[in-house]
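Notes follow the structure.
The values are calculated or read from the model by the stated rules, or taken from the named source; none is laboratory data. Model, not experiment: these values are computed from the prediction. All Cβ positions, glycine included, derive from the backbone under ideal geometry; neighbour counts span all protein chains shown.
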Amino acid sequence: MKGKAKAKEPSAVSKFFGELANRTSLAAGRASTFIIAAGIVIVWAVSGPLFGFSDTWQLVINTGTTIVTFLMVFLIQNSQNRDSAAIQVKLDELIRVGAARNSLVGIEHLTDDEIEDLRGKCEARARAEKSADETVDKTRKSARRAAEKVAN
């Protein structure tokens, strides 16, 4: 296999966590999951008078929501990282095979200031191209009007 980069095999832990994060993020985004969570909060709120709105009663919901939030942060971040990496690879491939400048491949590794500088240059080029396109359109309209006058 000379000349070809060998893909690194992900560890079992990485595979397990990736699969868990993916399944959990899909489940967390469903309407049924929201309804179940809202139901738990309603049952907790309705049970307040039974427990005299005690500190323990409040601690149950506070602890439960804190644990769920803490774990979801990591799962959501993992899903976001994978999605961003996949989108970046797709964009890089489109740039590589298309008419775009190949120098843009990998710019996600630049500093914020460097990216902002590139954004400014791209926006300036876009404005210049738009201005040039508008000039061409005006010239074409003038030429059409002149041709119509000659034809009449």
With respect to the numbered conditions (1) at positive phi; (2) in contact (Cβ under 8 Å) with a residue 24 or more places away in the chain, which one is the sole condition not fulfilled by residue 22? (1)
Determine whether the range 89-106 contains at least one residue that is outside the structural domain of residue 125 (by TED's automatic domain parsing), surrounded by fewer than 10 Cβ atoms within 10 Å (Cβ to Cβ) and in contact with a Phe, Trp or Tyr (Cβ under 9 Å, 6 or more places away or on another chain). no
Report, by residue number, each residue of the range 23-71 that is basic (Lys, Arg) and either assigned to a helix (DSSP H, G or I) or touching an Asp or Glu at 6+ places or on another chain (Cβ under 9 Å) (or both). 23
Would you check if residue 85 is assigned to a loop (DSSP other than H, G, I, E, B) and closer than 30 Å to residue 125 by Cα? no
Would you mind finding the one in 84, 79 that is touching a residue at least 40 places away in the same chain (Cβ under 8 Å) and not aliphatic (A, V, I, L, M)? 79
Among the candidates 74, 51, which residue alone is of a type in the set (Phe, Trp, Tyr) and over 25 Å from residue 19 (Cβ atoms)? 51
